[in-house]
Amino acid sequence: MSSKTIRVALIGVGGVCTHVHYPGFSRIPGVEIVGICDPDASLRERRSREWGVQACFEDVDDLLREMKPDAVVIATPNCTHRLLILKAFAAGSHALCEKPLGMNLQETKEILEATQKTKLRHMTAFTYRFVPAMNYLRYLVHSGALGEIRHARFQRLQDWGERAIGWRQYYDQAGSGELGDMGIHRIDFAEELLGPITSLCAHTKQWAARDLTNSGEPCPPQDVEDWVAWIAQFENGTTGVFEMGKLTKGFGPRGDHDQAELNGTKASAVYQLHNPHQILFSNRGESYRIRPVPAEFLKRSDSPRDPNEGDPLIRFRYDQAWEFISAIREGRECTPSFYHGMRAQAVADAILAAAESRKWIDIKF
């Protein structure tokens with residue numbers, strides 16, 4: 001593995017960058033955060049003081065030209081991803097981009113085609129792949145410990161209230177609502193666990209107007225879904241049932257939940273995000289019992305992160321940065337790559353088409 005210092009620039013320094021990307025990269029030996037970019041001047045200045053990063057830019061072109069980073073992290077509204085990725089590649093920078101990669105399948109195909117013209121590394125920020133309980137569940141599925149998976153259920157239930165949530169509530173900036181925000185993560189890890197989805201039917205609903213800000217000021221109402229559900233047929237024969245909502249109370253301690261339950265011919269297992277260091281496991285004919293995640297699955301191999309330090313619901317996300325940097329140093333593909341971002345977008349577009357047509361839709365690749 002190369003010991004060369006990797007110079008990283010952060011594009012978009014809002015919440016996800018503050019809680020995930022900056023702390024993840026800043027913990028890795030041999031990584032230097034050389035610049036930040038954001039159109040909000042006050043936010044740039046605040047992050048510069050907090051992080052001790054002197055090079056701050058409003059314009060991405062200036063950042064790329066002056067700092068010449070080895071890699072960039074893109075954590076901006078969805079509508080900007082495609083152009084920023086293409087600019088990063090043109091400047092010779094590896095790219096880690098928040099999901100979804102593009103506004104639709106056509107955009108993500110264009111992004112993937114651009115990767116094929118370069119030897120640069122590319123990664124989609126599907127952060128839930130790095131939950132310790134997901135690491136262990138993946139092992140159980142792929143090792144055959146559950147047997148043949150017959151049925152699977154995936155839920156992400158949250159209650160965000162009915163006030164405005166910024167750019168995420170507008171089609172022209174987000175591309176979709178709850179599907180692109182939370183649903184696309186579950187598409188990705190469901191296919192990682194069970195293989196490709198081949199067909200599906202779906203339904204969406206928009207309940208909240210979200211025409212008032214948190215301070216009570218009027219704003220344009222949302223025009224995307226705040227609830228989505230679909231039934232999926234996987235290539236391996238598994239039937240999957242998915243539900244995501246922003247006005248849906250869950251059973252976790254914070255009033256929400258992220259859960260995946262797999263029923264196999266040998267055993268069943270349940271992943272719950274609010275219990276990231278354990279799963280529920282049951283052999284056939286038995287009740288569910290708590291099973292701690294073994295130590296080897298608590299973090300990625302050689303990651304500098306201490307799995308017992310800090311909030312376990314936050315710290316697992318830092319392994320995403322470790323995977324990106326490790327792939328650059330080792331000269332290998334990132335997992336998940338832009339291919340996985342494109343694959344998840346293909347399913348997401350099929351969900352929207354199925355909901356509109358009220359028909360089953362085949363996913364043809």
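Taking the conditions (1) basic (Lys, Arg); (2) modelled with pLDDT of 95 or more; (3) surrounded by fewer than 15 Cβ atoms within 10 Å (Cβ to Cβ) in turn, Lys117 satisfies each one other than (2). Checked against the criterion of being in contact with a Pro (Cβ under 6 Å, 6 or more places away or on another chain) and surrounded by fewer than 16 Cβ atoms within 10 Å (Cβ to Cβ), segment 153-172 has at least one qualifying residue.
At negative phi and surrounded by fewer than 16 Cβ atoms within 10 Å (Cβ to Cβ): does that describe Ser287?
Details: at negative phi: yes; surrounded by fewer than 16 Cβ atoms within 10 Å (Cβ to Cβ): yes.
Yes, satisfied.
Could you list, in sequence order, the residues of segment 237-268 that are closer than 18 Å to Ala202 by Cα and outside any strand (DSSP E or B)? Of everything in segment 237-268, those that are closer than 18 Å to Ala202 by Cα and outside any strand (DSSP E or B) turn out to be Thr238, Lys246, Thr248. The set of residues in segment 229-285 that are under 18 Å from Leu146 (Cα atoms) and of a type in the set (Phe, Trp, Tyr) comprises Phe234, Tyr271, Phe281. Of the residues making up segment 337-360, just one is touching a Lys or Arg at 6+ places or on another chain (Cβ under 9 Å) and free of Cβ contacts under 8 Å to residues at least 60 places away in the same chain, namely Ala353. Comparison of Ala95, Ala88 shows that the only residue that is modelled with pLDDT of 95 or more, in the same structural domain as Val73 (by TED's automatic domain parsing) and either in a strand (DSSP E or B) or farther than 18 Å from Ile328 by Cβ (or both) is Ala95.
Among the residues of segment 303-318, are any farther than 19 Å from Arg186 by Cα, over 20 Å from the mean Cα position of the chain (by Cα) and modelled with pLDDT of 95 or more? No, there is no match, as no residue in segment 303-318 is farther than 19 Å from Arg186 by Cα, over 20 Å from the mean Cα position of the chain (by Cα) and modelled with pLDDT of 95 or more. Among residues of segment 189-229 being in contact with a Lys or Arg (Cβ under 7 Å, 6 or more places away or on another chain) and acidic (Asp, Glu), the one that is farthest from Ala346 (Cα to Cα) is Asp226. In segment 5-56, the qualifying residues are those that are of a type in the set (S, T, N, Q) and part of a helix (DSSP H, G or I), and the one that is surrounded by the fewest Cβ atoms within 10 Å (Cβ to Cβ) is Ser42. Candidates Gly252, Gly237: the one that is surrounded by fewer than 19 Cβ atoms within 10 Å (Cβ to Cβ) and under 29 Å from Trp167 (Cβ atoms) is Gly252.
This table checks each residue for (1) on the phi < 0 side of the Ramachandran plot; (2) part of a helix (DSSP H, G or I); (3) modelled with pLDDT of 95 or more.
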{"residue": "Gln173", "(1), (2), (3)": "yes, yes, yes"}
{"residue": "Ser176", "(1), (2), (3)": "yes, no, yes"}
{"residue": "Leu179", "(1), (2), (3)": "yes, yes, yes"}
{"residue": "Leu193", "(1), (2), (3)": "yes, yes, yes"}
{"residue": "Ser199", "(1), (2), (3)": "yes, no, yes"}
{"residue": "Ala202", "(1), (2), (3)": "yes, no, yes"}
{"residue": "Asn214", "(1), (2), (3)": "yes, no, no"}
{"residue": "Asp223", "(1), (2), (3)": "yes, no, yes"}
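Within the set Ser326, Ser287, Ser282, the sole residue that is farther than 30 Å from Thr265 by Cβ and not assigned by TED's automatic domain parsing to the domain that holds Cys97 turns out to be Ser326.
What number of residues within segment 1-43 are in contact with a strand residue (DSSP E or B) (Cβ under 7 Å, 6 or more places away or on another chain) and under 27 Å from Met182 (Cα atoms)?
Our first condition is that a residue be in contact with a strand residue (DSSP E or B) (Cβ under 7 Å, 6 or more places away or on another chain); within segment 1-43, this holds for 5-13, 16-17, 21-22, 25-26, 30-37.
Next, from what is left, pick out any that are under 27 Å from Met182 (Cα atoms): 8-13, 16-17, 21-22, 25-26, 36-37.
Of the residues in segment 1-43, 14 are in contact with a strand residue (DSSP E or B) (Cβ under 7 Å, 6 or more places away or on another chain) and under 27 Å from Met182 (Cα atoms).
Of the residues that make up segment 121-131, is at least one out of contact with any Pro (no Cβ under 9 Å at 6 or more places or on another chain), closer than 30 Å to Pro69 by Cα and assigned to a strand (DSSP E or B)?
Here is the first cut: in segment 121-131, the ones out of contact with any Pro (no Cβ under 9 Å at 6 or more places or on another chain) are 121-122, 127-128, 130.
After this cut, where a residue has to be closer than 30 Å to Pro69 by Cα as well, the list is 121-122, 127-128, 130.
Right, trim to assigned to a strand (DSSP E or B) and you get 122.
Yes; the residues of segment 121-131 include at least one that is out of contact with any Pro (no Cβ under 9 Å at 6 or more places or on another chain), closer than 30 Å to Pro69 by Cα and assigned to a strand (DSSP E or B).
Taking the numbered list (1) of a type outside the set (S, T, N, Q); (2) more than 21 Å from the chain's Cα centre (by Cα); (3) part of a loop (DSSP other than H, G, I, E, B) in turn, Arg150 passes all entries but (3). Of the listed requirements (1) in contact with a helix residue (DSSP H, G or I) (Cβ under 9 Å, 6 or more places away or on another chain); (2) without any contact (Cβ under 8 Å) to a residue 60 or more places away in the chain, Phe189 misses just one: (2).
Considering segment 282-297 alone, what residues qualify as being modelled with pLDDT of 95 or more and either among the small types (Gly, Ala, Ser) or not in a strand (DSSP E or B) (or both)?
Step one: list which residues in segment 282-297 are modelled with pLDDT of 95 or more, which gives 282-283, 286-297.
Passing the criteria: Ser282, Glu286, Ser287, Tyr288, Val293, Pro294, Ala295, Glu296, Phe297.
Looking at segment 170-180, is at least one residue without any contact (Cβ under 8 Å) to a residue 12 or more places away in the chain and closer than 29 Å to Ser337 by Cβ? The answer is no, given that none of the residues of segment 170-180 is without any contact (Cβ under 8 Å) to a residue 12 or more places away in the chain and closer than 29 Å to Ser337 by Cβ. Selection within segment 211-234: residues that are farther than 27 Å from Ala190 by Cα and either among the acidic types (Asp, Glu) or surrounded by 13 or more Cβ atoms within 10 Å (Cβ to Cβ) (or both). The member of this set that is farthest from the chain's Cα centre (by Cα) is Glu217.
The values are calculated or read from the model by the stated rules, or taken from the named source; none is laboratory data. Keep in mind it's a predicted model, so treat the numbers as computed, not measured. Reconstructed Cβ throughout: ideal geometry from the backbone, glycine too, with neighbour counts over all protein chains shown.
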